[in-house]
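Quick notes on the structure that follows.
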Amino acid sequence: MFTKQELQVIGQTLAQKRDWITKNINNIEGNAKTQMEQNLHTIESVMHKISAQLRPVANEKTTVNHYISEKAISPIRQAALARRNDLVPGQIRVLLVDDDQLICELVAAYLHEAGIHLIDFANDGMRGISMMYEANPIYDLVLCDWNMPGKSGLEVHTAMRAAERYMATVFILVTAVTEAKQIRAAIEDGVDDYVIKPIEQDKLIKKIARFFPHLKAPE
């Protein structure tokens, strides 16, 4: 028997799968399309049953607790955090957003040495936002330059957090900014961490390893 929170997580996951199939089914032909149609029918059926179980009973009494509690972590975020903690380096999907190609190549080389190989690149903030929204599966880590033409790193971060499925994705700013007040404001805005240019490999990997337990941090 699933708890209400578990059913909500399952429902959200199935909704994302349903949306992906609906978006892509017309691009597939033959037996694969037939299989996807069957999967879609099954998903819709399961989601209907979940909705019925989550629907409140008419005479069900609600208990009101008259105290202020800490803000609860949503079931979706809980599931996303648990998934992130289980990732091994080879499973971590990374998006590098920087208008400097040399920086992208340098950071990619550092990540490759640490065992992270699933890396995509965006050469400006707008492209980075577009790639995040189109990604399936989502990115687990976004390394983004702060100062770029068009959309800044903070604007990319805001756009990412606006998507519920990216609530647990790690966002690290790569920046030449060393002003403590600006960095503190970025952290308070929800940025997970930052890396100062010129980038040092050990420091970069240590910061990433804070969020991915299976990534070995340098001594």
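Laboratory data are not the source of any read-out in this text; all were calculated from the coordinates shown. All values derive from a computational prediction rather than experimental measurement. Here the Cβ is made from the backbone with ideal geometry for all residues, glycine too, and neighbour counts use every protein chain on show.
Cα centroid distance between the stretch 177-219 and the stretch 85-109, in Å? If you average the Cα positions of each part, the centres end up 13 Å apart. Ranked for footprinting exposure by Cβ neighbours inside 10 Å, fewest first, H112, H214, H157 give H112, H214, H157.
Normalised radius of gyration for the stretch 85-219, please: alpha carbon Rg relative to 2.2 N^0.38 Å, two decimal places.
Compactness ratio reported: 0.96.
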